[in-house]
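A short worksheet on the structure shown next.
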């Protein structure tokens, strides 16, 4: 087992809490002078466009939404909306409990680390402002690649960057976007992180893997077990 690939949202960072997410969307709508209900509906409808980078974070996405709604906003309102949404986006990239400990333990075992995430265009830059950024110089960000999981090229981008084969990798994710079956099709050993009641979003959700954990700190032990089996030893 040479490498471990991770999902981001719902895995390395907690799932966005709808009780915080939607009020922030409403707040942004208010800053822009847009009707809350219609803005929410359109924000939800354009999720895939944002994940593929067809709508980029910042002026591009908000000007598009306002155009669709027939609403005009001045430059000050646009900047205010961007600032508010970026601050929220940054706040949800806080590493979940045990994430950094897990990553350090994997590094100590000689594992290469990669990130495969469906995300909007500003996420990679915001991630680099957190402790997580330094762990993932090789990453597949959907809005930059213009494809989302489970397209094989999302994983392939990271496998190529790390110089490893799929059958030499572990993939860890919360199960959204069909990511676990997608990784399995490329030969990876899959680990489902079961968020239980905190799995707030289920977009293409498949909650099953070769292994199941409820805490990322369980992942290094799985690497040990898979390596032991590969050497013909009993599982630890």
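At a glance:
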quantity	calculated
Among the candidates 212, 190, residue that is free of Cβ contacts under 8 Å to residues at least 24 places away in the same chain, more than 15 Å from residue 115 (Cα to Cα) and in contact with a strand residue (DSSP E or B) (Cβ under 8 Å, 6 or more places away or on another chain)	212
Any hit, region 124-133, residues being farther than 21 Å from residue 39 by Cα and either buried (at least 20 other Cβ atoms within 10 Å of the Cβ) or assigned by TED's automatic domain parsing to the domain that holds residue 26 (or both)	yes
Any pair with Cβ under 8 angstrom, 6 or more apart, that starts in region 3-25 at a residue that is on the phi > 0 side of the Ramachandran plot and ends at one that is outside any loop (DSSP other than H, G, I, E, B)	10/173; 10/176; 10/193
Scan of region 1-26 for residues that are in a strand (DSSP E or B) and farther than 24 Å from residue 178 by Cβ, ordered by number	none
Among residues of region 104-132, those that are over 23 Å from residue 177 (Cα atoms) and assigned to a helix (DSSP H, G or I), counted	5
Positions within region 1-40 being surrounded by fewer than 17 Cβ atoms within 10 Å (Cβ to Cβ) and more than 17 Å from residue 89 (Cα to Cα), in sequence order	2, 30, 33, 35, 36, 37, 38
Selected residue (criterion: surrounded by the fewest Cβ atoms within 10 Å (Cβ to Cβ)) from residues of region 159-181 that are more than 23 Å from residue 225 (Cβ to Cβ) and under 17 Å from the mean Cα position of the chain (by Cα)	178
Filter result for the condition that a residue is touching a residue at least 60 places away in the same chain (Cβ under 8 Å) and either crowded, with 16+ Cβ neighbours inside 10 Å or under 22 Å from the mean Cα position of the chain (by Cα) (or both), over 85, 43	85
Filter result for the condition that a residue is in contact (Cβ under 8 Å) with a residue 24 or more places away in the chain and assigned by TED's automatic domain parsing to the domain that holds residue 166, over 106, 66	106
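The values are calculated or read from the model by the stated rules, or taken from the named source; none is laboratory data. Being a predicted model, the structure only gives us computed values, none of them experimental. Glycine also receives a Cβ, built like all others from the backbone with ideal geometry; neighbour counts cover every protein chain displayed.
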